[in-house]
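**Q** Sharing a structure, written as structure tokens. Questions coming.
Computed from the coordinates by the stated procedures, all read-outs in this text should not be read as laboratory data. These figures come from a predicted structure and were not determined experimentally. With ideal geometry, Cβ positions are generated from the backbone for all residues, glycine too; neighbour counts draw on all protein chains shown.
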């Protein structure tokens, strides 16, 4: 693949827009960069959330909204002075609206090396939703 | 004795201070405001004896990274592989990027390359770089007789 050889670039950190609500934590909150892809059986979400501990990730599903929260607690080195800062450390938050075609009971999540992967299985009825033509 | 310059010394002193201040501000402005850094973005902390560097490298395993030190120069290179996905998959959104990178930075002092500690945790690389013994400032004590 030619794409494999391409050089990586620093991506801009996009802040979560604050609409009506304000944050309590004194940290900025960023939108994690995400990939979404679909297979025959599943939808997949892949989110970059470096610096988050596995147990400080919250995934909630309310009605049709899937919300992912990640809280960072990266310690700053004590006794050192900051000489160069090129990126900010903050929490992560992102919401996705799901369609009715998801089997909500069987959503799976795994976190490894700063990457969160979610697999959302398609509901049975969505997989084989064929319209039968009635003959009169 | 003769005078080197006709400029009153107070002005020279002011100019020197101004230069000093400008240098300080450019040195300590976060790099993101000056120019886009190359990948990966780094945060750097320093004291007299060591430097700590952090970089966010989500999805990279220690084997994907190559770190080398040549006295006061650090080179970090690696590759992030594309997501492994089934053949029938179709993308709806692709924001995460992948590919290869190399970045070199000049450190404030010579490094004891054998004592560098590199750790990878939750996609964040931390490098602990101790200053070389020969490069440390020496304090000279004055003997009294």
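**Q** Take the Cβ-Cβ distance between residue A:108 and residue B:67 as r, set R0 to 25 Å, and report the resulting FRET efficiency rounded to the nearest 0.05.
**A** Once the sixth-power term is evaluated, E becomes 0.15.
**Q** Is there a simple number for the mean count of other chain Cβ atoms within 10 Å of the Cβ of residues in B:54-66, and what is it?
**A** 4
**Q** Per DSSP H run of n ≥ 4, the term is -39500 (n - 2.57); total these for chain A, divide by its residue number, and report the mean residue ellipticity at 222 nm rounded to 500 deg cm²/dmol.
**A** -500 deg cm²/dmol
**Q** Output the relative contact order of chain A, whole-number percent, from Cα pairs under 8 angstrom with separation of 6+ residues.
**A** That works out to 25 percent.
**Q** Oh, and also: Does the range A:1-81 classify as rounded, prolate or oblate by the C-alpha gyration tensor (a ≥ b ≥ c root eigenvalues; a/c under 1.5 gives rounded; else a/b over b/c gives prolate, otherwise oblate)?
**A** oblate
**Q** So for chain A, Kirkwood radius off the Cα pairs, Stokes-Einstein at 37 °C and 0.692 mPa s: how many µm² s⁻¹?
**A** 185
**Q** Ok, one more. So for the range B:41-118, what percent of the C-alpha to C-alpha distances run longer than 19 Å?
**A** Value for the range B:41-118 (Cα pairs over 19 Å): 47 percent.
**Q** Order of B:10-16, B:134-140, B:39-45 by packing, highest average Cβ count within 10 Å first?
**A** In descending order of packing, they fall as B:39-45, B:10-16, B:134-140.
**Q** Now, a different point. Roughly how crowded by other chains is peptide A:88-100, in terms of the mean Cβ count from those chains within 10 Å of each of its Cβ atoms?
**A** Details: counts 4, 4, 0, 0, 0, 0, 0, 0, 1, 0, 0, 0, 0.
Average neighbour count from other chains, rounded to a whole number: 1.
**Q** The protein assembly as shown: Rg/Rh from Cα coordinates, Kirkwood Rh?
**A** 1.14
**Q** Could you tell me how far the Cα centroid of the range B:59-123 sits from the Cα centroid of the range A:83-113, in Å?
**A** Using only Cα atoms, the two centres lie 22 Å from each other.
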